[in-house]
Ligand SMILES: Cc1cc2nc3c(=O)[nH]c(=O)nc-3n(C[C@H](O)[C@H](O)[C@H](O)COP(=O)(O)OP(=O)(O)OC[C@H]3O[C@@H](n4cnc5c(N)ncnc54)[C@H](O)[C@@H]3O)c2cc1C
């Protein structure tokens with residue numbers, strides 16, 4: 001008696017990015033040592049894509065976050081490797097170094113793969129592309145590039161980095177005395193539309209103050225001094241910087257949608273398999289953003305904690321967008337959530353409630369607004385060691401629980417699908433509708449189901 005050992009399930013987290021670290025920190029906070037934690041990822045440090053936009057302009061970024069140190073802080077085992085396949089029947093995964101790892105719960109947080117979306121453009125995906133952007137800016141200074149376009153391939157995207165690059169490039173080139181004209185080309189209904197009208201106005205002002213032209217259209221290719229649009233139009237541009245399209249991890253043995261993303265329910269459970277959850281860019285949720293990745297990770301950690309009886313209930317993923325925009329001067333803080341009156345069926349007139357401010361709208365005010373990760377990145381200390389979790393600082397912040405059934409994640413996915421369909425990007429719209437269907441257990445409101453059929457017919461065979 002007394003020496004009986006309590007079973008401690010093994011939770012394996014695949015990935016070493018924002019979603020993986022938020023899951024790790026959240027789980028330790030919520031379940032303590034009721035589980036054994038293990039982190040499997042290649043590389044030594046978390047890749048910090050959000051901060052990389054500042055590098056081409058000579059601005060420093062935060063120091064690298066060591067995966068080994070973070071695992072140690074959380075008393076987790078750190079295994080180096082890449083998950084290549086999962087045997088969900090036997091709950092065993094295989095890594096690229098030939099190891100087999102057993103799990104009781106698997107959390108897939110392996111991110112997405114960036115691919116070129118605009119042929120002929122320089123695609124900016126993060127730290128690995130900062131040199132190419134610097135070289136292009138040097139070309140502008142030498143007078144070789146007289147017109148520069150910044151292009152967003154799809155409206156259902158995290159577009160903030162494109163505006164950051166354009167605004168900082170304009171300031172930098174002006175300081176260098178270059179006469180390059182800058183144009184932003186976007187299929188969004190208004191700049192940073194996801195953050196609502198106030199954000200659009202603030203960005204318009206920023207662009208105007210820096211002589212940046214804004215063109216609405218869907219860019220599809222750059223060649224011979226022109227950026228081609230889907231509607232047949234062209235914009236003069238000696239060079240073009242674009243954001244990428246993303247593809248999912250498509251891990252052998254796990255379900256995937258047409259683009260390789262994992263379909264998940266609002267608690268991050270991967271559809272059709274047991275004991276596997278997923279969070280972040282690897283999932284089919286249409287906007288790939290660090291703050292949302294953390295919110296998905298929190299939903300996953302809470303669901304695991306609830307299964308273990310460590311917490312009473314597990315709140316589902318409810319997207320709140322928080323963006324810190326670097327401008328080369330004072331940053332802008334943007335925050336938005338859906339004004340969801342109408343549960344799953346979207347009502348006409350539903351809009352995004354947004355705030356924009358030059359003062360921090362959340363604390364700590366980092367670029368990746370993770371409940372546990374933001375304080376960790378700010379202090380390199382887990383929340384349990386004395387830091388309060390991230391909190392909103394505005395009266396608009398909804399600390400109170402929302403009525404059951406209000407499903408903002410589904411609403412947001414539907415809103416994005418409609419916007420993409422409107423701009424003729426039917427494949428992207430179908431993808432967003434698939435994500436909405438995954439969140440609702442495969443059921444879409446009739447209007448959305450009709451839209452999905454129309455999009456699939458218009459898109460033809462979907463590219464993989
Ligand atoms: C230029 C740019 C700027 C951005 N700016 C912002 C911003 O300001 N704010 C914001 O919130 N978001 C921003 N984002 C988006 C944000 O970077 C991503 O949404 C976020 O990094 C997603 O986190 P993740 O953990 O899902 O994936 P990732 O951060 O991509 O991490 C994936 C991890 O999994 C590992 N991995 C990959 N495959 C495997 C495998 N098979 N097995 C094990 N491990 C694997 C990778 O090595 C990596 O460690 C920006 C993105 C870009 C490209």
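The values are calculated or read from the model by the stated rules, or taken from the named source; none is laboratory data. In this text, all values refer to a predicted model and were calculated from it rather than measured experimentally. Note that each Cβ is placed from the backbone with ideal geometry, even for glycine, and that neighbours are counted across all protein chains shown.
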Looking at (1) in a loop (DSSP other than H, G, I, E, B); (2) under 30 Å from residue 175 (Cα atoms), which is the only condition residue 138 fails? (1)
How many residues are surrounded by fewer than 18 Cβ atoms within 10 Å (Cβ to Cβ) and within 19 Å of residue 329 (Cα to Cα) if we restrict to segment 188-238? 6
Matching entry among 110, 125, 154, 130 (being within 12 Å of the ligand (Cβ to nearest atom), outside any strand (DSSP E or B) and buried (at least 23 other Cβ atoms within 10 Å of the Cβ)): 110
Residues located in segment 229-261, provided they are touching a residue at least 12 places away in the same chain (Cβ under 8 Å) and more than 25 Å from residue 129 (Cβ to Cβ): 231, 233, 251, 252, 253, 254, 255, 257, 258
Just one of the numbered conditions (1) crowded, with 17+ Cβ neighbours inside 10 Å; (2) away from the ligand (no atom under 14 Å from the Cβ) is not true of residue 138; which one? (1)
In segment 97-107, anything outside any loop (DSSP other than H, G, I, E, B) and within 13 Å of the ligand (Cβ to nearest atom) is listed as 101, 106, 107
Residue check: is residue 109 more than 18 Å from residue 269 (Cα to Cα) and at pLDDT 95 or above? no
Every residue in segment 75-94 that is within 14 Å of residue 254 (Cα to Cα) and either assigned to a strand (DSSP E or B) or within 13 Å of the ligand (Cβ to nearest atom) (or both), please. 83, 84, 85, 86, 87, 92, 93, 94
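Given the residues 28, 72, which is the only one that is surrounded by fewer than 23 Cβ atoms within 10 Å (Cβ to Cβ), free of Cβ contacts under 8 Å to residues at least 24 places away in the same chain, in a helix (DSSP H, G or I) and away from the ligand (no atom under 15 Å from the Cβ)?
Values: 28 fails: free of Cβ contacts under 8 Å to residues at least 24 places away in the same chain.
Just a single option satisfies the conditions, and that option is 72.
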When both residues are 6+ apart or on different chains and their Cβ atoms are under 7 Å apart, which pairs have a first residue that lies in segment 75-86 and is free of Cβ contacts under 8 Å to residues at least 60 places away in the same chain, and a second that is part of a strand (DSSP E or B) and near the ligand (Cβ under 7 Å from one of its atoms)? 79/40; 81/40
Can you name the residue in segment 6-25 that is within 15 Å of the ligand (Cβ to nearest atom) and more than 19 Å from the chain's Cα centre (by Cα) and, of all such residues, is surrounded by the fewest Cβ atoms within 10 Å (Cβ to Cβ)? 12
Selection from segment 265-296 of residues within 15 Å of the chain's Cα centre (by Cα) and outside any loop (DSSP other than H, G, I, E, B) yields 278, 280, 281, 282, 283, 290, 291, 292, 293, 294, 295, 296
Just checking, which of 72, 36, 49, 77 is in contact with a helix residue (DSSP H, G or I) (Cβ under 8 Å, 6 or more places away or on another chain) and over 20 Å from residue 283 (Cα atoms)? 77
When you check residue 34 against the structure, is it surrounded by fewer than 19 Cβ atoms within 10 Å (Cβ to Cβ) and within 23 Å of residue 267 (Cα to Cα), yes or no? yes
Residue 310 fails exactly one of (1) touching a residue at least 40 places away in the same chain (Cβ under 8 Å); (2) under 14 Å from the mean Cα position of the chain (by Cα), namely (2)
